[in-house]
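Visitor: Please see the structure below; I have some questions.
The values are calculated or read from the model by the stated rules, or taken from the named source; none is laboratory data. Since this is a predicted model, take the numbers as computed values, not measurements. FYI the Cβ positions are ideal-geometry reconstructions off the backbone, even for glycines, and counts take in every protein chain you see. Areas reflect the complete protein model, heavy atoms only, side chains present, ligands, DNA and RNA absent. Shrake-Rupley method; radii C 1.70, N 1.55, O 1.52, S 1.80 Å.
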Amino acid sequence: MPAALRLTPTLLAGLGMLSPALVSARTPPCPEAVQNEAGWRALRDADLASARATFSEVLAVCPDDVDATVGLAYVELRADRLAQARLLLERALLLDPTHGDARKGLARLEGRSGRIAASERHWRTVLEQQPDDVEALVGRARVLRWQGDPWAAQPLLQRALALDPADNAAREEAGWNRATLGATVQGRITHEGDSDDNHVTTFSLGGALPVNARIRLGWQSYLRSTSFGIDRDRRAAAYHLTSAVTLPSGWRLRGGVGANETSVLGQAVAADFDVAVATPVATPLQLTVRLARSPRHYTSTLIERGVHADEAGLDAAWTSGVWSLATTSSLARYRGTESNRQWTVGTRVRRTFGERWESGVIARGFGFSEDLRDGYFDPSHFLLAEIPVATSRTTGPWRGRLEGAVGAQASALQDGVSFAPRVALDAGYRLAPGREIVLTGVWTRSDALRLSGGRGSYRYTSIGVAGSWVF
């Protein structure tokens with residue numbers, strides 16, 4: 001789920017301009033309703049306990065007070081109690097169908113629940129009632145961008161900035177809109193090493209160019225240098241062109257073709273391809289069916305043996321409020337010096353806790369039909385279960401994310417169950433929307449990332465630097 005859908009202090013800042021005015025503009029049905037302003041003030045200061053107590057006191061005496069109902073709903077949104085927030089917002093709209101803050105709250109709630117189309121409809125309703133509402137103009141523009149239509153968002157942002165040139169949310173969203181419409185170039189250099197004595201350095205370069213609201217072109221390439229001990233040093237390169245098309249119904253099609261080559265004498269340049277069909281972005285449940293032929297240039301041994309794979313896969317993703325679920329499954333035929341078949345399944349359940357923390361469960365498994373020792377980790381079965389905990393923070397242009405996981409793994413190549421910890425770091429500095437420098441690192445003892453055939457205890461480490469630039 002996009003982070004901007006969360007009710008952050010930046011989004012709540014708009015309430016400092018809207019809600020007190022709405023409160024003072026209405027005649028309170030009872031004297032206790034004058035406390036609403038104190039409740040909104042506590043909410044803007046992130047004092048949820050005080051805000052909840054204040055709004056609840058008003059509602060205890062004035063159960064039909066719309067402003068207190070909406071205020072308590074926003075408290076529940078901040079506390080990730082989305083079901084309670086929905087009930088309060090719907091009640092507020094029954095009491096006052098034109099209440100702008102109630103409708104905006106529902107727009108955000110639907111977005112957080114993965115119902116992007118419903119979110120856009122609520123923003124549109126606010127604008128039908130209040131055409132010059134800057135917050136609603138920005139909110140609808142943001143949702144349109146997430147739906148893959150930044151062109152339709154442009155006039156909304158132009159109007160918002162004309163009404164309030166200093167509005168920070170409008171200026172920031174205009175920047176992201178320009179970044180989405182621009183040509184993007186991305187580069188990365190990564191070094192990987194493991195206890196099997198594999199060393200892999202990869203430089204990748206790619207980019208994307210939106211042609212119009214329906215078509216997006218892309219390209220990817222990499223140069224890879226690998227070594228195994230002191231004996232084998234192999235290099236590989238690949239180049240790939242893709243196009244993505246969004247149909248009027250919202251369904252998405254993607255296809256690409258490319259070529260790859262290696263430094264191994266006698267190996268010819270090989271072709272690769274990928275095709276995929278995906279459901280519309282605006283639905284809570286998204287499905288993707290994919291087919292691909294690609295090289296397995298992960299290690300020196302794999303390059304030397306010319307291992308490629310033909311793969312068919314099905315991916316699914318579902319989001320509802322603080323919960324999300326992602327699954328993947330595939331069948332692949334490996335072709336190298338010998339043929340083999342692989343199955344893969346995986347799932348991740350994630351639960352967010354406020355704006356900075358998340359946890360969940362990750363389960364993954366794969367296996368091969370034959371034990372060929374053709375340069376890759378090929379047990380008849382491998383199973384991994386993890387409990388990850390992650391925290392993230394953004395301060396100005398800086399952002400960081402740290403994830404740690406405890407895991408247990410078992411495979412046909414080892415006796416019993418072994419401990420598989422993992423740590424991952426992601427730190428970035430944003431120069432402007434779409435222009436960022438990122439440092440990444442991973443350390444794990446999980447065989448899930450084993451680069452080649454091997455037995456016994458395993459360690460994997462990677463470190464990388466990446467950058468993106470929008471023109």
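Visitor: Step through the residues of region 61-73 one at a time and calculate ³J(HN,Hα) from phi using the Karplus curve (6.51 cos²θ - 1.76 cosθ + 1.60, θ = phi - 60°), rounding each to whole Hz and writing x for Gly and Pro.
Guide: Values per residue, Gly and Pro as x: 9, 10, x, 9, 6, 5, 5, 5, 5, 5, x, 5, 4 Hz.
Visitor: Using only the alpha carbons of region 139-183, determine the length spanned along each of the three principal axes and report them from longest to shortest in whole angstroms.
Guide: Sorted from largest, the Cα extents of region 139-183 read 26, 19, 13 Å.
Visitor: Leu451's amide H: which non-local residues (gap 5+, or another chain) put their own amide H closer than 5 Å, with H modeled 1.01 Å from N in plane and none for Pro or chain starts?
Guide: Placed amide hydrogens put nothing under 5 Å from Leu451.
Visitor: So what J values fall out for region 112-123 if you push phi through Karplus, 6.51 cos²θ - 1.76 cosθ + 1.60 with θ = phi - 60°, rounded to Hz, Gly and Pro as x?
Guide: 5, 8, x, 9, 5, 4, 5, 4, 5, 5, 5, 4
Visitor: If you don't mind, another one. Out of residues 5 or more away from Val307 or on other chains, whose amide H comes under 5 Å of its own, with H placed 1.01 Å from N in the peptide plane?
Guide: For Val307, whose amide H was placed from the backbone, the distant partners under 5 Å are Arg296.
Visitor: If you average 1/r over all unlike Cα pairs in region 178-243 and invert the result, what Kirkwood radius do you get in angstrom?
Guide: That comes to 13.8 Å for region 178-243.
Visitor: Taking Rh as the Kirkwood radius, which is the inverse of the mean 1/r over Cα pairs, what is the Rg/Rh value for region 312-398?
Guide: A ratio of 1.14.
Visitor: Any idea what the relative contact order of the chain is, in percent, if you count C-alpha pairs under 8 Å spaced at least 6 apart? List each step's numbers first, then the result.
Guide: Numbers: 1093 pairs, mean separation 44.7, N = 471.
Relative CO of the chain lands at 9 percent.
Visitor: Right, another one. Taking a 1.4 Å probe, which of Thr444, Thr395 shows the most accessible area, and what order do the others take after it?
Guide: Thr395, Thr444
Visitor: How many percent of the accessible area of region 314-432 is carbon or sulfur, using a 1.4 Å probe?
Guide: Whole-percent figure for carbon plus sulfur exposure: 62.
Visitor: What whole-number distance in Å separates the alpha-carbon centres of region 400-415 and region 206-241?
Guide: Centre-to-centre distance over Cα atoms comes out at 28 Å.
Visitor: Could you state, as a whole-number percent, how many of the C-alpha pairs of region 211-304 are farther apart than 16 Å?
Guide: That tail contains 64 percent of the Cα-Cα pairs.
Visitor: A further question follows. Compute the relative contact order of region 68-201 as a whole-number percentage, counting only Cα pairs closer than 8 Å that sit 6 or more residues apart in sequence.
Guide: Computed value for region 68-201: 13 percent relative contact order.
Visitor: Another question about this same structure. Can you give me the angle between helix 15-25 and the longest principal axis of the chain, using Cα atoms only, in degrees from 0 to 90, rounded to the nearest 10?
Guide: 20 degrees
Visitor: Consider just the alpha-carbon atoms of region 382-422 and return their Rg together with their Dmax, both in angstrom.
Guide: Final numbers for Rg and Dmax: 15.3, 49 Å.
Visitor: Take Val277, Val417 and sort them by solvent-accessible surface of the protein heavy atoms, 1.4 Å probe, largest at the top.
Guide: Putting Val277, Val417 in descending order of accessible area: Val417, Val277.
Visitor: As a check on your grasp of the helix formula, calculate [θ] at 222 nm for the chain: sum -39500 (n - 2.57) over DSSP H runs of n ≥ 4, divide by the residue count, round to the nearest 500.
Guide: Helix-only estimate at 222 nm: -9000 deg cm²/dmol.
Visitor: What is the Å³ per residue value for the convex hull set by the Cα atoms of region 298-340?
Guide: Spelled out: Cα convex hull of region 298-340, divided by residues, is 76 Å³.
Visitor: Would you work out which of Pro131, Leu82, Gly100 lies farthest towards the positive end of the dipole of region 70-160? Charges go on Cβ: Lys and Arg +1, Asp and Glu -1.
Guide: The residue sitting farthest along the positive end of the dipole is Leu82.
Visitor: What do you reckon, how do His240, His99 stack up by accessible area (1.4 Å probe), largest on top?
Guide: From most accessible down to least: His240, His99.
Visitor: Return the Rg/Rh value of region 254-317, two decimal places, where both radii are evaluated on C-alpha atoms and Rh is the Kirkwood radius. Let's see the in-between values first.
Guide: On the way: Rg = 15.4 Å, Rh = 13.5 Å.
Radius of gyration relative to Kirkwood radius: 1.13.
Visitor: If I fit a long axis through the Cα atoms of helix 150-163 and take the longest principal axis of the Cα atoms of the chain, what angle between them do I get, 0 to 90°, rounded to 10?
Guide: Roughly 40 degrees, rounded to the nearest 10.
Visitor: Through the Karplus equation 6.51 cos²θ - 1.76 cosθ + 1.60, θ set to phi - 60°, convert the phi angles of region 427-436 into ³J(HN,Hα) values in whole Hz; use x for Gly and Pro.
Guide: Whole-Hz 3J(HN,Hα) from phi for region 427-436: 10, x, 10, 9, 7, 5, x, x, 10, 8.
Visitor: Short version: what are the Cα gyration tensor semi-axes of region 222-370, square root of 5 times each eigenvalue, largest first, in whole Å?
Guide: Each semi-axis is the square root of five times an eigenvalue, giving 33, 20, 15 Å.
Visitor: Also, quick follow-up: So what are the three principal axis dimensions of region 338-382 from its Cα atoms, in whole Å, longest to shortest?
Guide: Its Cα atoms span 50, 15, 12 Å along the three principal axes.
Visitor: What fraction of the DSSP beta bridges in the chain is antiparallel, stated in percent and rounded to the nearest 5?
Guide: Numbers: 174 of 174 bridges.
Once the DSSP bridges in the chain are tallied, antiparallel ones form about 100 percent.
Visitor: Please calculate how many Å² of accessible area the chain carries per residue, with a 1.4 Å probe and no DNA, RNA or ligand atoms counted. Could you put the intermediate results ahead of the total?
Guide: Details: 22350 Å² over 471 residues.
On a per-residue basis, 47 Å².
Visitor: Something else: So how exposed is His308, as accessible area in Å² (1.4 Å probe, rounded to 10)?
Guide: We get 30 Å² for His308.
Visitor: Given 10 °C and 1.306 mPa s, how large is the Stokes-Einstein diffusion coefficient of region 365-471 in µm²/s, with Rh as the Kirkwood radius over Cα pairs?
Guide: Roughly 100 µm²/s, to the nearest whole number.
Visitor: Further, regarding this structure: For region 106-148, give the percent of accessible area contributed by carbon and sulfur heavy atoms, probe 1.4 Å, rounded to a whole number. If you can, show how the numbers build up before the last one.
Guide: Working: 610 of 1380 Å².
C and S atoms contribute 44 percent here.
Visitor: If you don't mind, there's one more thing I want to ask. Under 37 °C and 0.692 mPa s, how fast does region 65-184 diffuse according to Stokes-Einstein, given a Kirkwood radius computed over C-alpha pairs? Answer in µm²/s, whole number.
Guide: After rounding, the answer is 223 µm²/s.
Visitor: In whole Å, what three semi-axes, largest first, describe the equivalent ellipsoid of the chain built from its Cα gyration tensor (square root of 5 times each eigenvalue)?
Guide: 49, 25, 19
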